[in-house]
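Written below as structure tokens is the structure these notes are about.
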Amino acid sequence: NKTRRWRSGGGLIHGNRLAPITEILQDNLVRWGFEVRSAHKSLPTLFEEVHTLEKLMKVGYLSFDRFFDLKVLDPNIFERAFSPAVQSMLMKSIPESEVEDPRQRYFAYLYRPFEQYAVLLGLPAEEAKALRLNILKARSHAVASLEALGKQFGLGTIDTKKARELAMVTLATFAEETKLLPQLEAYLNRAIQDEAIPLRSVATR
């Protein structure tokens, strides 16, 4: 989809792992690796993505250092978060040949601690609270939708193809309902302009 562009990939490699910029600066041997994705349908988009990386290389990555302590994903959350009906539906409707484990690769992603971004993005207190509530509500809606699909699949009212389609729609809806992407894009744009981004302390409850 050339109208929606997701930036991904890229990082600083220290030894054989990603590392914070503050640690890397202590070592003169730095290897850079970047991956630009989701631009295969639009050459201008590819140029835009590469241009963004060029700007970041000039201004540095200190604005992103605060995100390194975030837990990316709990690999065991799927069994705790979803019922056996949902687990069965997802494992059967998404073939292993496409994704090694659809539980962790896609749907456990719903439980990534996105709500912590409300603090780390440096938003004013009220905006941060509103963003956090959006994320929590979006997660609740997504889980409820998957549970409903799991019941339908178990009753045989939808087949594997339909289950997969609706499950993926649920993920897309979750991403839209969080309202997180515009905030991430705004933060990136500020970082590119080399602006100081304050880390405000806001209530998380």
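Exceedance of the 22 Å cut-off in Cα-Cα distance is limited, within the set Lys41/Lys137; Lys129/Lys179; Lys151/Lys179; Lys71/Lys179; Lys71/Lys129, to Lys41/Lys137; Lys151/Lys179. With the highest mean first, a sort of the peptides 43-55, 83-95 on other beta-carbon atoms found within 10 angstrom per residue produces 83-95, 43-55.
In units of the rule-of-thumb radius 2.2 N^0.38 Å, segment 101-176 shows an alpha carbon radius of gyration of 1.30. Cβ crowding within 10 Å ranks Glu115, Glu185 as Glu185, Glu115, fewest other Cβ atoms first. With the simple model of a label 7 Å out from the Cα in the direction of the Cβ, Ser140 to Arg80 spans 2.0 nm. For the pair Lys55 and Thr160, a Förster radius of 30 Å applied to the C-beta separation gives a FRET efficiency near 0.10, rounded to the nearest 0.05.
Here, each number is a calculation from the coordinates, and none is a lab measurement. This one's a predicted model, so the numbers in the text were calculated from it and none came from an experiment. With ideal geometry, Cβ positions are generated from the backbone for all residues, glycine too; neighbour counts draw on all protein chains shown.
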